[in-house]
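Novice: Have a look at this one before I ask anything.
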Amino acid sequence: MIEVKSLYKSFEDKDVLKDINCVFENGKTNLIIGQSGSGKTVLMKCIVGLFRPTSGEVLYDGRDLVTMNKQEWKMLRREMGMLFQSAALFDSMTVLENVMFPLDMFSRDNYADRVRRAQFCLDRVNLLEAQNKFPDEISGGMQKRAAIARAIALNPKYLFCDEPNSGLDPKTSLVIDDLIHDITVEFDMTTIINTHDMNSVMGIGENILYIYEGHKEWQGNKDQIMNSTNERLNSFIFASDLFRKVKEANK
Amino acid sequence: MLLDKSVATFGRYLMLMGRTFSRPERMRMFFKQYIKEMSQQGVDSIGIVLLISFFIGAVICIQIKLNIESPWMPKFVTGYTTREIMLLEFSSSIMCLILAGKVGSNIASEIGTMRVTQQIDALEIMGVNSANYLILPKVLGMMTMMPVLVCFSIFSGFIGAYATAVVGHIITVDDLTLGLQHEFNEWYVWMGFIKSIFFAFVITSVSAFYGYTVEGGSVEVGKASTDSVVSSSVLILFSDVLLTQLLS
């Protein structure tokens, strides 16, 4: 479980995040949504430690990220996996080598065991047949799946996904969403997804945090979102005709 | 203002070097990268070093023969001067300037691209010291290979000079050989090695710094690549003066 308490983040004079309080539970897919420039990427970066908050706490199962010493921080990072918007696979390595990289770096297992674990992760994301290909030889969706396999290689407790569906067609997006959701439940991870994709919100949003101009505007799940009376949330979620019609049909 | 910026940049460079020169996370991974970098930065540069040095050796020999030698000069002066230029300046300093263009831009664009495509962020999230993992093998690999490249350059230059004797008949082989052997000072070779190792550090660390600190997209990566070549070339020229004074 990850708890964020009274989190503030400023850049020079600009307050980007203001008093964010939320809980991300394990075994659930937690979504952070919001308009471009609302501060959701900054929040994600504060949670994973790429930005240091101006004030506040980020608790990983009770351990405060902000006050951790270097060694504790190093150990915590090994419990994290992250899927980047661009997949961020190492382009000089094959898919298998990419997935093996965290194992090569931190695992004490022998080579055969490391290969076996990497192949297990690739098999889990249905990508075993592409193990010897380089990232630029596979599609965007396959790159995302390879990045998920790399993120789960060390069996992390926390999984972060920064816009996992960006640049993917709707069908592939659903595959990625389902994969992230299934892996979250299967490995009982705390997963936080930063997304714009309303299909993801409606499909796998078990705990949704809506950020508006740097503060928490709304929190709930996909069922509650349909009946929400929050005007700002509704104008964001139901901006497209399709979702507006779905809501009207539900009424 | 400019001074402030320069001091700030130098401070950031020192901080990056502090992170770079720490104990590698996994020695096995470090050696794998180290060998790869020696091949990529060093072995892959042998061709261009041999080619340029061969022609420069030949041209130096022809120029000295045509412009310096006279009836009052001993016949070995052409070979002697060719050797001294190759040992003292060309193979150690000018060759490093050329390599700053090839190796420096390669390093800056490689690391810069990794930065803008979030590959460095991915390393950091995994808990890997990205500066140490990416930069240290490049710096040590190039510092290891540079004296080897200097050796290749020296011998290729001499072969170029012999080519002018054998093919062009500009000078006799005996006169050239006599000049190349005349009052040989072994320290000049060591001086070239010392200078080249220092320049290898300058090229790789400065280029890696520019690549690592890129912010933006492909335009900024291109700019970082150009800036790295310009900065490392200027630093090589400045430090060449200091090192030459210090070692001579």
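Only the coordinates and a few stated rules stand behind these numbers; no lab work does. Please read these numbers as outputs of a predicted model, since none were measured by experiment. Because the Cβ atoms are built from the backbone with ideal geometry, glycine has one as well, and the counts that use them run over all protein chains shown.
Novice: On a straight-distance basis, which lysines could pair with A:K5 in a cross-link, Cα separation under 17 angstrom, same-chain partners fewer than 8 positions away excluded?
Specialist: Once the sequence-local lysines are set aside, what remains near A:K5 is A:K18, A:K40, A:K45, A:K216.
Novice: Among A:A239, A:A88, A:A147, determine the one that fluctuates most according to a GNM of chain A built with springs between C-alpha atoms less than 10 Å apart.
Specialist: Of A:A239, A:A88, A:A147, the Gaussian network model singles out A:A239 as fluctuating most.
Novice: Calculate, in nm to one decimal, what A:S55 and A:Q71 gain on full extension: separation in residues at 0.36 nm each, minus their alpha carbon distance.
Specialist: Fully extending the segment from A:S55 to A:Q71 adds 3.6 nm.
Novice: Still on this structure: 222 nm [θ] for the protein assembly as shown, helices only, -39500 (n - 2.57) per DSSP H run of 4+, per residue, to 500?
Specialist: -19000 deg cm²/dmol
Novice: How big is D for region A:9-250, in µm² s⁻¹ as a whole number, if Stokes-Einstein is applied with the Kirkwood radius of its Cα pairs at 37 °C and 0.692 mPa s?
Specialist: Here the translational diffusion coefficient equals 174 µm²/s.
Novice: Next up: For B:M1 and B:M27, FRET efficiency with R0 = 51 Å and r from the beta-carbon atoms, rounded to 0.05?
Specialist: So, using R0 = 51 Å, E works out to roughly 0.70.
Novice: In the protein assembly as shown, what % of DSSP beta bridges are antiparallel (nearest 5)?
Specialist: Expressed as a percentage, antiparallel bridges in the protein assembly as shown total about 50.
Novice: Based on the Cβ-Cβ distance from B:D174 to B:K36, what FRET efficiency comes out when R0 is 60 Å, to the nearest 0.05?
Specialist: Values: r = 45 Å, r/R0 = 0.76.
Working from the Cβ atoms, E equals 0.85.
Novice: Another question about this same structure. At 0.36 nm per residue, minus the direct Cα-Cα distance, what do B:M73 and B:K223 gain on full extension? Give it in nm, one decimal, please.
Specialist: Taking 0.36 nm per residue and subtracting the Cα distance, the gain is 49.0 nm.
Novice: Output the pairs from B:K102/B:K223; A:K144/A:K222; A:K14/B:K223; A:K157/B:K32; A:K70/B:K138; A:K28/A:K222 with a Cα-Cα distance over 19 Å in this structure; if there are none, say none.
Specialist: On the way: B:K102/B:K223 15 Å; A:K144/A:K222 24 Å; A:K14/B:K223 29 Å; A:K157/B:K32 29 Å; A:K70/B:K138 26 Å; A:K28/A:K222 12 Å.
Checking Cα-Cα distances, A:K144/A:K222; A:K14/B:K223; A:K157/B:K32; A:K70/B:K138 exceed 19 Å.
Novice: Next question. Within region A:45-148, list the trypsin sites (Lys or Arg not before Pro) lying in a DSSP loop whose Cβ has at most 13 other Cβ atoms in a 10 Å radius.
Specialist: Counting only loop positions with at most 13 other Cβ atoms within 10 Å, the trypsin sites (Lys or Arg not before Pro) in region A:45-148 are A:R108.
Novice: To the nearest Å, what is the center-to-center distance of region A:1-74 and region B:168-246, using C-alpha atoms only?
Specialist: What the calculation gives is 47 Å, centre to centre.
Novice: Which value in nm describes the separation of the simple spin-label points at A:D136 and B:L66, placed 7 Å from the Cα toward the beta carbon?
Specialist: Each label point lies 7 Å from its Cα, and together they span 4.4 nm.
Novice: Order by neighbour count: B:S53, B:S248, fewest other Cβ atoms within 10 Å first, most last.
Specialist: Working: B:S53 27, B:S248 9.
Lowest to highest Cβ neighbour count: B:S248, B:S53.
Novice: Where the only charges are on Cβ atoms (+1 Lys, Arg; -1 Asp, Glu), what is the dipole of the protein assembly as shown about its Cα centre, to the nearest 20 debye?
Specialist: Values: 47 positive and 54 negative charges, 90 e Å.
It comes to approximately 440 debye.
Novice: What residue among B:S231, B:S218, B:S196 has the largest mean-square fluctuation in a Gaussian network model of chain B, using Cα springs under 10 Å?
Specialist: B:S218
Novice: I'd like the Kirkwood hydrodynamic radius of region B:24-247, using the inverse of the mean 1/r over distinct C-alpha pairs, in Å.
Specialist: This gives a value of 18.8 Å.
Novice: Could you please rank B:I98, B:I135, B:I203, placing first whichever residue has the fewest other Cβ atoms within 10 Å of its Cβ?
Specialist: With the sparsest Cβ surroundings first, the list reads B:I98, B:I135, B:I203.
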